[in-house]
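The values are calculated or read from the model by the stated rules, or taken from the named source; none is laboratory data. Just so you know, these numbers come straight off a predicted model, no measurement behind them. Every residue, glycine among them, receives a Cβ derived from its backbone with ideal geometry; neighbour counts consider all protein chains shown.
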Amino acid sequence: MFASAWPHPLDDLTLRTVAFGLAALGAIAGVVGTFAVVRRQSLQGDAISHAALPGVALAFIFGARSSVTLVIGAAIAGWIAMTLVGGIVKRSRVPFDAALAGALAVFFGFGLVLKTYLQKLAGRPAENPIEHWIKPAAGEATRHGLDRYLFGQAAFLRTDDLIVILGFGTAVLFTLLLLWKEFKLVSFDRDYAASLGYPTRLLDVILTTAIVIAVVIGLQSVGVVLMSALLVAPASAARQWANKLGAVAILAAILGAVAGFGGILLSYEVQGKGPPIPAGPTVVLCATAITLGSILLAPLFRRAGLRQPPEAAQ
């Protein structure tokens, strides 16, 4: 009875899976992105998403085929990139943003080299024992389409992919909830947290791991190029309306879910009435529109006295 009350597009099981998957992804990215925004490390999501590409390619080479194993490969590559960035910043005079940009370029370039090599190897005979070993993986990578992880193909989201998003996403949200107080303190006053005896280095690693997982579970849907926008846009929009960290995170989750769900439905409606548009970029454009609307409307509400001016989120 409830299903009969849904709008007509959601009568389609495939579209329903895609819509709810992108809504869940938007909500997870919104919550995790809140910490990236308040820590002024928004570029971190961009670096992680680009650094994950070689992890996906190497996972194919070593026999990974399922969504879970490919996500794990991407997560390992992203985590290694962030570990290298942390080591460079700690042991040199290179600032964090410069190290992040360097890791983004190097890992993404390596990923493109691997992707191109696998595609070319799939179309020609193997010339040595190593290529004979890699040849089956190259064929599988071509059939699966590594470009899916580069630009995203949200319309091909399956039930197995939805389970991966919900499983890993739930683990990330549970970790954030369990260590909320510690993450909040480290994000706003790291020195004070250290003086109280909190393991700030370990908390940084856990929080970085949570961001890595939140990014890589969306690569197949939104892609390397656009996933960082979905991580930052909902949190940036929510920050315009709320001052407390908890309120920002909840509102970011809602806005991220709206962007994911609304973007898929908008893409479906446009494809039914005009030229097809890709679902992943449509979701990102919806998130961007929400952010721009919040930036424009929030000052009007402040001038009308309907809310307090934004201060540092607490």
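Report yes if Gly223 is on the phi > 0 side of the Ramachandran plot and in contact (Cβ under 8 Å) with a residue 24 or more places away in the chain, otherwise no.
Details: on the phi > 0 side of the Ramachandran plot: yes; in contact (Cβ under 8 Å) with a residue 24 or more places away in the chain: yes.
In short, yes.
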Item checked: Residue check for Arg16: more than 17 Å from the chain's Cα centre (by Cα), among the basic types (Lys, Arg) and either at pLDDT 85 or above or crowded, with 18+ Cβ neighbours inside 10 Å (or both) -> no
Item checked: Filter result (in a loop (DSSP other than H, G, I, E, B) and either modelled with pLDDT of 80 or more or out of contact with any helix residue (DSSP H, G or I) (no Cβ under 6 Å at 6 or more places or on another chain) (or both)) within the range 269-281 -> Gly274, Pro275, Pro276, Pro278
Margin query: Regarding the range 282-293, can at least one residue be identified that is closer than 30 Å to Lys181 by Cβ, aliphatic (A, V, I, L, M) and at pLDDT 75 or above?
Written below: yes
Next item on the list: Among the residues of the range 111-137, write down those that are surrounded by fewer than 11 Cβ atoms within 10 Å (Cβ to Cβ) and not in a helix (DSSP H, G or I).
Entry: Gly123, Arg124, Pro125, Glu127, Asn128
Next item on the list: Would you confirm whether any residue within the range 115-128 is touching a helix residue (DSSP H, G or I) at 6+ places or on another chain (Cβ under 8 Å), modelled with pLDDT of 75 or more and within 14 Å of Gly55 (Cα to Cα)?
Entry: yes
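Identify all residues within the range 96-126 that are more than 24 Å from the chain's Cα centre (by Cα) and not polar (S, T, N, Q); write none if there are none. Outline the logic, then answer.
In the first step, residues of the range 96-126 are kept if they are more than 24 Å from the chain's Cα centre (by Cα); the result is 117-126.
If the condition is that a residue be more than 24 Å from the chain's Cα centre (by Cα) and not polar (S, T, N, Q), then Tyr117, Leu118, Lys120, Leu121, Ala122, Gly123, Arg124, Pro125, Ala126 are the ones that fit.
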Margin query: So the check is Cβ under 8 Å with 6+ separation or different chains; which pairs have a first residue in the range 190-212 that's surrounded by 15 or more Cβ atoms within 10 Å (Cβ to Cβ) and a second one that's of a type in the set (Asp, Glu)?
Written below: Ala193/Glu182; Tyr198/Glu182; Leu203/Glu182
Notebook entry, point to check: If Ile134 satisfies every condition in (1) under 21 Å from Ile61 (Cα atoms); (2) modelled with pLDDT under 75 but one, which is the exception?
Noted result: (2)
Check: Of the residues in the range 57-78, how many are buried (at least 23 other Cβ atoms within 10 Å of the Cβ), within 15 Å of Phe108 (Cβ to Cβ) and among the hydrophobic types (A, V, I, L, M, F, W, C)?
Finding: 3
Item checked: Subset tally (residues that are in contact with a Leu (Cβ under 7 Å, 6 or more places away or on another chain) and modelled with pLDDT of 90 or more) for the range 180-197 -> 4
Note to self: Looking only at the range 51-68, how many residues end up being more than 17 Å from Leu118 (Cα to Cα) and at pLDDT below 85?
What the structure shows: 3
Item checked: Residue in the range 141-151 that is under 17 Å from Leu70 (Cα atoms), over 19 Å from the mean Cα position of the chain (by Cα) and modelled with pLDDT of 70 or more present -> no
Note to self: It is to be established whether one or more residues within the range 297-305 are assigned to a helix (DSSP H, G or I) and either among the charged types (D, E, K, R) or within 20 Å of the chain's Cα centre (by Cα) (or both).
What the structure shows: yes
